Amino acid sequence: MKTTLILFSAGSFLGYGLGCFFSAYLQAEFRRYRLEAQCRLVGALQCAAAVGLIAGLFLPWIGQAAAGGLALMMLVALGVRVRIKDTVLQMLPAAGYLALNAYLCVAGF
């Protein structure tokens, strides 16, 4: 079960991270967040963390560090969404990924 959660999180963040480079929609979202200049940095960090989650299947401490970093990133994302007055529904994905990655960080790989 935990492996499934790890792969789900890694796939999600790899897709979102790559989208920061190639998706006009995600680039527009970062403009809406008032963080346009950070779009590619966030994408690169998410791709690196996704690789870290996969590496964690072989070196658990790397996976836990990556999950902790992603949990922190999602905590900041929630703060951004509160600042721009998004709805609770718009905040749910960030909250869910925060919970998932906090769990993976604390529970271990």
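The values are calculated or read from the model by the stated rules, or taken from the named source; none is laboratory data. Everything numeric in this text was worked out from a predicted model, so none of it was measured. Just the protein is used for accessible areas: all its heavy atoms, side chains included, with ligands, DNA and RNA removed. Shrake-Rupley method; radii C 1.70, N 1.55, O 1.52, S 1.80 Å.
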Problem - MRE, 222 nm, helices only [DSSP H, n ≥ 4, -39500 (n - 2.57), over the chain, to nearest 500] - result: -28500 deg cm²/dmol
Exercise for the section: Measure off, as a whole percent, the carbon and sulfur share of the 1.4 Å-probe accessible area of the range 1-45, all protein chains present. Expected result: 68
Practice task
Round to the nearest 10 and give me the degree value, 0 to 90, for the angle of helix 88-107's Cα axis relative to the longest principal axis of the chain.
Solution key: 20
Fill in the blank from the handout: the chain: Kirkwood hydrodynamic radius (Cα pairs, Å) comes out at 13.9
Handout entry: Average accessible surface area per residue within the range 10-109, 1.4 Å rolling probe, Å²
Key = 55
Completion exercise
Projected area averaged over all directions for the convex hull of the alpha carbon atoms of the range 18-71, nm², comes out at 3.7
Problem - For the range 55-71, 3J(HN,Hα) per residue [Karplus equation, 6.51 cos²θ - 1.76 cosθ + 1.60, θ = phi - 60°, Hz, x = Gly/Pro] - result: 4, x, 5, 10, 10, x, 5, 5, x, 5, 5, 5, 5, x, x, 5, 4
Problem - the range 36-109, relative contact order [Cα under 8 Å, separation at least 6], % - result: 35
Handout entry: HN-Hα J in Hz across the range 22-33 - Karplus 6.51, -1.76, 1.60, θ = phi - 60°, x for Gly and Pro
Key = 10, 9, 5, 4, 5, 5, 5, 4, 5, 5, 5, 6
